[in-house]
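Step one of this worksheet: look at the structure below.
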Amino acid sequence: MTIGAFSIYECGKRGEEQIITNSKSIIANTKACRLSFFEKYLNETMDVSIRDSLSKLIPPNATLIPLPKSAPLVTNAQWPGRDICEILIANGFGKNYKPLLKRTKAVPKAAFQHGSEDRPTVQTHYDSIVFEDEPLFTRSIETIVLVDDVITQGRMSAACSLRVMEALPNVTAGLFGLIRTNTFTNIENVINPKHSNVLYFPDSGKTFHKIL
């Protein structure tokens, strides 16, 4: 299974000290739902070619679905995915958003694990997420874009895509990630929009986030 994705910011631990500091700030602000930097980028900085690329992933008829957090959502909880959806729609990307994917039980936060083998698997995510169908709403969906704050290996993205495909087999789901992590090469610029593919290999249960 291949999920077409697009991300704006690149973060990691390799590169010049100031760039790494900036990338950490982007992550921290996003997790705290301080997203004015993203709104400013969309309104003031985004290049026309990048806007065109984002518009192709998120057309005017798209329904955005924020990916769930690592634990079931509680009242008044911060949820970056939801806030990113609202900002995208306010700036002309997509027509609406709906939190149709719900976490039923907590899984370990990937960012707190020491390595890839310690992070939740696709199956672990899949078993803890349900698609809460709303027939009067979902029957009108034409295009779906899953929205996440940070794409690392894409395990949760793959699990959520599987749930969407089961519930809505005739609708293709793309993926928007505000940030992607880079563990392989030096980061040269925190703002670095890129297309990518999240590849899921069911036989092994592994994923790979391939930057294009």
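List the residue pairs whose Cβ atoms are under 7 Å apart, where the first residue sits in segment 159-173 and is touching a residue at least 40 places away in the same chain (Cβ under 8 Å), the second is surrounded by fewer than 18 Cβ atoms within 10 Å (Cβ to Cβ) and assigned to a helix (DSSP H, G or I), and the two are 6 or more positions apart or on different chains.
Nothing qualifies.
Of all the residues that make up segment 29-71, how many are part of a helix (DSSP H, G or I) and in contact (Cβ under 8 Å) with a residue 24 or more places away in the chain?
13
Considering only segment 77-86, I want to know if a residue exists there that is open to solvent by less than 80 Å² (accessible area, probe 1.4 Å), in contact with a strand residue (DSSP E or B) (Cβ under 6 Å, 6 or more places away or on another chain) and of a type in the set (D, E).
No: zero hits.
Determine, yes or no, whether I84 is in a helix (DSSP H, G or I) and not charged (D, E, K, R).
Spelling it out, I84 is indeed in a helix (DSSP H, G or I) and not charged (D, E, K, R).
Name, by its number, the condition in (1) within 13 Å of L88 (Cα to Cα); (2) in contact with a Cys (Cβ under 9 Å, 6 or more places away or on another chain); (3) not β-branched (V, I, T) that does not hold for S23.
S23 satisfies every listed condition except (1).
Given (1) surrounded by fewer than 19 Cβ atoms within 10 Å (Cβ to Cβ); (2) at pLDDT 90 or above; (3) aliphatic (A, V, I, L, M), identify the lone condition not met by L136.
Only one criterion in (1) surrounded by fewer than 19 Cβ atoms within 10 Å (Cβ to Cβ); (2) at pLDDT 90 or above; (3) aliphatic (A, V, I, L, M) is unmet by L136, namely (2).
So, in segment 103-115, of the ones that are within 19 Å of G205 (Cβ to Cβ) and under 18 Å from the mean Cα position of the chain (by Cα), which residue ends up modelled with the highest pLDDT?
V107
Being at pLDDT 95 or above and touching a helix residue (DSSP H, G or I) at 6+ places or on another chain (Cβ under 8 Å) is the requirement here; does I84 meet it?
yes
Which one of T63, T30 is within 26 Å of V171 (Cβ to Cβ) and of a type in the set (V, I, T)?
Going through T63, T30 in turn, just one is within 26 Å of V171 (Cβ to Cβ) and of a type in the set (V, I, T): T63.
Name the residue that is least open to solvent (accessible area, probe 1.4 Å), counting only residues in segment 1-54 that are touching a Gly at 6+ places or on another chain (Cβ under 8 Å) and farther than 24 Å from Q78 by Cβ.
Looking at residues that are touching a Gly at 6+ places or on another chain (Cβ under 8 Å) and farther than 24 Å from Q78 by Cβ, I get I3.
Taking strands (runs of 3 or more DSSP E) that do not extend beyond segment 143-212, which have at least 2 residues that are surrounded by fewer than 21 Cβ atoms within 10 Å (Cβ to Cβ) and among the polar types (S, T, N, Q)?
In segment 143-212, 191-201 are the strands (runs of 3 or more DSSP E) which contain 2 or more residues that are surrounded by fewer than 21 Cβ atoms within 10 Å (Cβ to Cβ) and among the polar types (S, T, N, Q).
All but one of (1) outside any helix (DSSP H, G or I); (2) within 17 Å of F176 (Cβ to Cβ); (3) open to solvent by 50 Å² or more (accessible area, probe 1.4 Å) hold for V74; which doesn't?
Looking at each condition in turn, V74 falls short on (2).
Could you check segment 72-84 and list, in sequence order, the residues that are in contact (Cβ under 8 Å) with a residue 40 or more places away in the chain and either closer than 22 Å to S128 by Cα or in contact with a Cys (Cβ under 8 Å, 6 or more places away or on another chain) (or both)?
The answer is Q78, W79, P80, G81, D83.
The values are calculated or read from the model by the stated rules, or taken from the named source; none is laboratory data. Just so we're clear, the structure is a prediction, and the values are computed from it rather than from any experiment. Glycine also receives a Cβ, built like all others from the backbone with ideal geometry; neighbour counts cover every protein chain displayed. What goes into the accessible areas is simple: the full protein's heavy atoms, side chains included, and nothing from ligands, DNA or RNA. Shrake-Rupley method; radii C 1.70, N 1.55, O 1.52, S 1.80 Å.
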